[in-house]
Amino acid sequence: MRSIPALDTTLRDRIDAWWRAANYLSVGQIYLCDNPLLERPLVPDDIKRMRLGHWGTTPGQNFIYAHLNRLIAAHDLDMIYVSGPGHGGPAVVANTWLEGTYGEIYPDVSQDEPGMRRLFRQFSFPGGIPSHASPETPGSIHEGGELGYSLSHSFGAVFDNPDLIVACVVGDGEAETGPLATAWQSTRFLDAAHDGAVLPILHLNGFKIANPTLLARIPREELVALMHGAGWEPRFVEGHEPAPMHDAMAAALDDCLAAIRAIQSAARGGQPPTSRRWPMIVLASPKGWTGPRIVDGVRIEGTFHAHQVPIPDPRGNPEHLRLLEQWLRSYRPQELFHPDGRLREEIAALAPKGSRRMGANLHANGGSLLRSLRLPDFRAYAVDVGQRGARGSGDTHVLGPFVRDVCVLNEAARNFRVFGPDETISNGLGAVLEKTDRQWALPISPQDEHLAASGRVMEVLSEHQCEGWLEGYLLTGRHGLFNCYEAFVHIVDSMFNQHAKWLKVAGRLPWRRPIASLNILLSSHVWRQDHNGFTHQDPGFVDHVMNKKPEVVRVYLPPDANCLLSVMDHCLRSRQYVNVVVAGKHPSPQWLDIDEAAAHCAEGIGIWEWAGNEAEGLGPDVVLACCGDVPTLETLAAVQLLREHLPELRVRVVNVVDLCRLMPREEHPHGLDSSEFDELFTTDRPVVFAFHSYPWLIHRLTYRRTNHANIHVRGYKEEGTITTPFDMTVLNELDRFHLAIEAIDRLPGSERKLAVKRLFRTRLAEHRRWIEQHGEDLPEIRDWRWSGGAAPAA
Ligand SMILES: Cc1ncc(C[n+]2csc(CCOP(=O)(O)OP(=O)(O)O)c2C)c(N)n1
C-alpha cells in the first residue's frame, strides 16, 4: 500500500478548524434560534420549536468543502461544488458563510454574532431559507432535493468550459437512482481537449434514510470494477480519525488533480482519447460523523439514525439538551470564532480569494456569463408556400438547417449544443450533422457516422442525461436545445419539475442573473407513429408542463414549418423559461408564408380569414379552432367539407400556436383578456376545438371564459395502435368527418344537414373498409389538398 504524505501540521490544523467551524454552524442551523456562540449554557428557549434538516450527510460535505478550499487556493483552480445530497443544505450554507460570500449577498446575515444568529434562525424557518442547496444558496447550481441528477448537471457545466472543474458529491443512496447510475458513463462523451473535468466524490457514508446503501455493502473490488466500467479510477479515503483522514483526503485530491491535468494535457497536445480513466474519490466516512454517538440508548453516528435530526427533543428533554450542548462544544467554538462572532483570521485564510471562492464562482450564477446567441435570419430558411396547403418536406426537416447554422455561427463562442437520445436524425434535425458531429470519447469505427471527439451534438440513449446535461449547460450560462420523442419526454417529467421550480425561485432573486431558456422540441409526436404504435403515443407532457408557474413555462404548437422557424427563433432568444415546442417531422401541408407566420406567431393565436367564410359584420355560425399540425390539417379539411356540402354555413377558423394565450390574462402573462378571447371565440357560437393533446387541457385553460359551455374539444383520447396516419385521427374522432359532424350537431338541425352527416358517416365506413383491405389511407385522403382559399399574397 502506498504511504500517504502527511499534511503540514499548521495546514492540517487549519483545515480541521474550518471543518469544525462548518460543523458547528450546521448543527446551529438545525437547532438554535439564540445563544449562537454558546456564551452561556443552553436553555430550552435557545432551541427552535421545529427542528428540521439533515445532519447525516453534512459533516462529510463540510470535510470535502474544507479540503477543496485548500486545493483551490494552492492551485488557483476554477472550481464549483455540486451537492448531490443537497439535503445537506446546512453544509453549503455554512461554508459559504465562512468564506464570506453568504454575507456579501445577504448583508443581514453578516459574519458576526448577530449575523450568526440570523443564519441559525433563518434555516428551515418560515420566511427564511429551505433546507437544501436551493437557488438561494450562493455557488449552487443544483438543489439536490430530488436525488439523481448531480453528475449529469456537473457534466453539463463542464462542457465547453475547459478550465472548470466541478467537484460533485454523489450520495451513495443517490447513486442507486437510474439517472445517477447512468451518469457515470458521461466520461464517454467528455472532450478532454475542449471541456473541463468533473471530480466525483462518492460519499460512501453507508446509509440512506432507513437502509444501508448498495455501493457501501458490495465488496470494494466490485465497486472498483463498476467504476472502471464507466471510465473512472477511484481513490479511497476511508476512516473516521480526523488527522489521518485529513492527510488521506489532501493526498487523494492532489493525486486527482494531477491525473486530471495529465489527461487534459495529453488531449490538448493532440493525443486521441484512448483507454484513459478519469480520477474520482470514494470517501467512506461514518454517516453523521462527529455527531452524537448514542441517544436514548440508540446508536446514531455511523448508522441511518443520523440521517436527519439526531437528538430529537432538546427543548423538552433536559438530557437531550445536555447532549446537544456537549455536541456543539465538542467543536470548541471559542477557538474558531472571536467573541464578536467573526471567524478567526488564521482559519479564514483557508478560503480561496474573491471569485475563486466556490460560493462566488460566476459559473454558478450562469446568467452573469451568458452571451446572446448569434442567430441566422430564420426567414432565410422559409418554405415557399406557393399554394396554401402545399405539401412540405416535414416541419422539423425545415428547422434542421436553421439549427445547423446556429451551431455554425456560435462555433467560436462554443456556447450552443443540441442534446437528444439518439434521435437528432430521426427527429428531422439531420441537417445539423452536415456541419458538426456527435461528440464521442470512445473508439470510432469506420462504419460509424458523424462521430468525433468534439462536436455540438450530444446523443446518449438516456433522456435523463440529455436533460441533465442541458440543464447544467444552461445553468452555467450557455444555450441549447433538447429534441425528444414526444411520448418519452415523460421520462424527465420530474427533472422538468425541478428545473421549473429552480427557475421560479431563482427568478425572484435579484443577484441571480437570468439564464437561457430550456428549449424542448418534441417531435415524432402522437399522431404519426406509423412505425411504432400505441407505446409511442402519448401527448401528455404539455398537460404536465402547464401545471407549473406561468412565469416560467411556455408551450408552442406551430401548425407548419414557417411557424416552427419563427417560434424557435423566439425560444432561442428567450430567458428563464422552459419552452416546449411540439412539431411534426412528416411531410405535411404548409399554410402560411414566412411573414404571415412571423405575424401569427407573434400574436400566438388568430383567425385565419382565408380559411373561413363568415360574412362581414355577421360573425360565424360556428368556430372551428385548432392547435397542432395534425389538428390544423383535419380542421381545414373539415372546413372544406362543410363549405362544399353546406355552403350557407358561416365558418370561422381560429388557429392557436401559443397555448398559454388561452389562459386568462390574470393567470398567465400571455393570456388573452376576456374581450380578446370573446372576439375570437364569440360569446355564444359553438366552438369545435381540435387539439393535439388530451382534450381536458383545453377545458382547464378556458373554463372561465364566457363561451366555455359551447367549447367542444376533440383530442387524443388514448385510442392508438399501428395504423394509418388518418386512422389515428379517426380512432380519436379528431378527423375531418368527425369534426364536421360535431359542428353540424351543434347547430340547428335540418333535413339537409342530416343528409350531409349521413354522407360523412358513409365516408368513415369507406375509410375503414379501405384501410383494412389496402393497409394505407384512401387516395383522396392521402392526396387531399386545400382548395378553399386564396394563396398567400405574393
Ligand atoms: C429521487 C428521490 N427519491 C427519494 C428521496 C427521499 N430521500 C431523501 S434523502 C434520501 C437518502 C439519501 O441517501 P444518500 O444519497 O446516501 O444521502 P446521505 O445518506 O448522504 O444523506 C432519500 C431516499 C429523494 N430526495 N429523491
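Computed values, structure above
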{"item": "Segment Ala74-Asp255, extension gain: residue separation times 0.36 nm, minus the distance between their alpha carbons", "result": "63.8 nm"}
{"item": "GluC sites (Glu not before Pro) within segment 429-459, DSSP loop, no more than 15 other Cβ atoms inside 10 Å", "result": "Glu449"}
{"item": "Loop sites in segment 613-652: GluC sites (Glu not before Pro), DSSP, at most 11 other Cβ within 10 Å", "result": "Glu616, Glu648"}
{"item": "Calculated FRET value between Thr706 and Thr9, using beta carbons and R₀ = 56 Å, to 0.05", "result": "0.10"}
{"item": "Reachable aspartates and glutamates, given that their alpha-carbon falls under 15 Å from the alpha-carbon of Lys208 and they are not under 8 places away in the same chain", "result": "Glu146, Asp172, Glu174, Glu176, Glu301"}
{"item": "Positive-end residue, the chain charge dipole about Cα centroid, Cβ charges, pick of Leu199, Gly115, Ser454", "result": "Gly115"}
{"item": "Set of lysines near Lys548 by C-alpha distance (under 29 Å), chain-local residues within fewer than 8 positions excluded", "result": "Lys501, Lys504, Lys585, Lys717"}
{"item": "Accessible area in the full protein assembly, largest first, 1.4 Å probe, for Tyr31, Tyr694, Tyr703", "result": "Tyr703, Tyr694, Tyr31"}
{"item": "Prolate/oblate/rounded label for segment 298-381 (Cα gyration tensor, a/c 1.5)", "result": "oblate"}
{"item": "Asp543 paired with Gln326, simple spin-label distance in nm, labels 7 Å along Cα-to-beta-carbon", "result": "5.6"}
{"item": "Extension gain from Arg785 to Ser494, taking 0.36 nm per residue of separation minus the Cα-Cα distance", "result": "100.6 nm"}
{"item": "Of the trypsin sites (Lys or Arg not before Pro) in segment 497-587, those whose Cβ has at most 15 other Cβ within 10 Å and which sit in DSSP loop", "result": "Arg508"}
{"item": "Heavy atoms of Arg513: accessible area, 1.4 Å probe, square angstrom to 10", "result": "120"}
{"item": "Given charges at Cβ of Lys, Arg, Asp, Glu: the chain dipole, positive-most of Ala66, Ser186, Gly297", "result": "Gly297"}
{"item": "Segment Leu442-Ala243, length gained on full extension (0.36 nm per residue, minus Cα span)", "result": "67.6 nm"}
{"item": "Distance (nanometres) between label positions extended 7 Å along Cα→Cβ at Ser574 and Arg752", "result": "4.5"}
{"item": "Dipole magnitude of segment 114-182 about its Cα centre (Cβ charges: Lys, Arg +1; Asp, Glu -1), debye to nearest 20", "result": "540"}
{"item": "Accessible surface of segment 466-533 [probe 1.4 Å, protein heavy atoms]: carbon and sulfur percent", "result": "53"}
{"item": "Relative contact order (%) - segment 484-564, alpha-carbon pairs under 8 angstrom, separation at least six", "result": "43"}
{"item": "Check: segment 327-440 dipole with +1 on Lys, Arg Cβ and -1 on Asp, Glu Cβ, in debye", "result": "380"}
{"item": "Modelled FRET efficiency - R0 35 Å, Lys717 with His531, Cβ distances, 0.05 increments", "result": "0.95"}
{"item": "Once the Cα gyration tensor of the chain is diagonalised, semi-axes √(5λ) in Å", "result": "57, 29, 22"}
{"item": "Segment 49-111 - accessible surface per residue (Å², probe 1.4 Å)", "result": "24"}
{"item": "Segment 610-760 shape via C-alpha gyration tensor axes, a/c threshold 1.5", "result": "oblate"}
{"item": "Distance between segment 706-746 and segment 8-53 - C-alpha centres, whole angstrom", "result": "64"}
{"item": "The chain - charge dipole about Cα centre, Lys and Arg +1 at Cβ, Asp and Glu -1, debye rounded to 20", "result": "1100"}
{"item": "Cα gyration tensor category, rounded, prolate or oblate, for segment 727-794 with a/c compared to 1.5", "result": "oblate"}
{"item": "Förster radius 30 Å - calculated FRET efficiency between Glu233 and Glu411 (Cβ-Cβ, nearest 0.05)", "result": "0.40"}
{"item": "Residue among Ile711, Pro669, Val651 farthest towards the positive dipole end of segment 638-794, charges placed on Cβ", "result": "Val651"}
{"item": "Cα-based reach from Lys48 at 13 Å (exclusive), listing aspartates and glutamates while leaving out same-chain residues under 8 positions away", "result": "Asp34, Asp313"}
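The values are calculated or read from the model by the stated rules, or taken from the named source; none is laboratory data. In this text, all values refer to a predicted model and were calculated from it rather than measured experimentally. Neighbour counts are summed over all protein chains in view; Cβ atoms, including those assigned to glycine, are modelled from backbone coordinates with ideal geometry. These area figures cover heavy atoms from the full protein model, side chains too; ligands, DNA and RNA do not enter into them. Shrake-Rupley method; radii C 1.70, N 1.55, O 1.52, S 1.80 Å.
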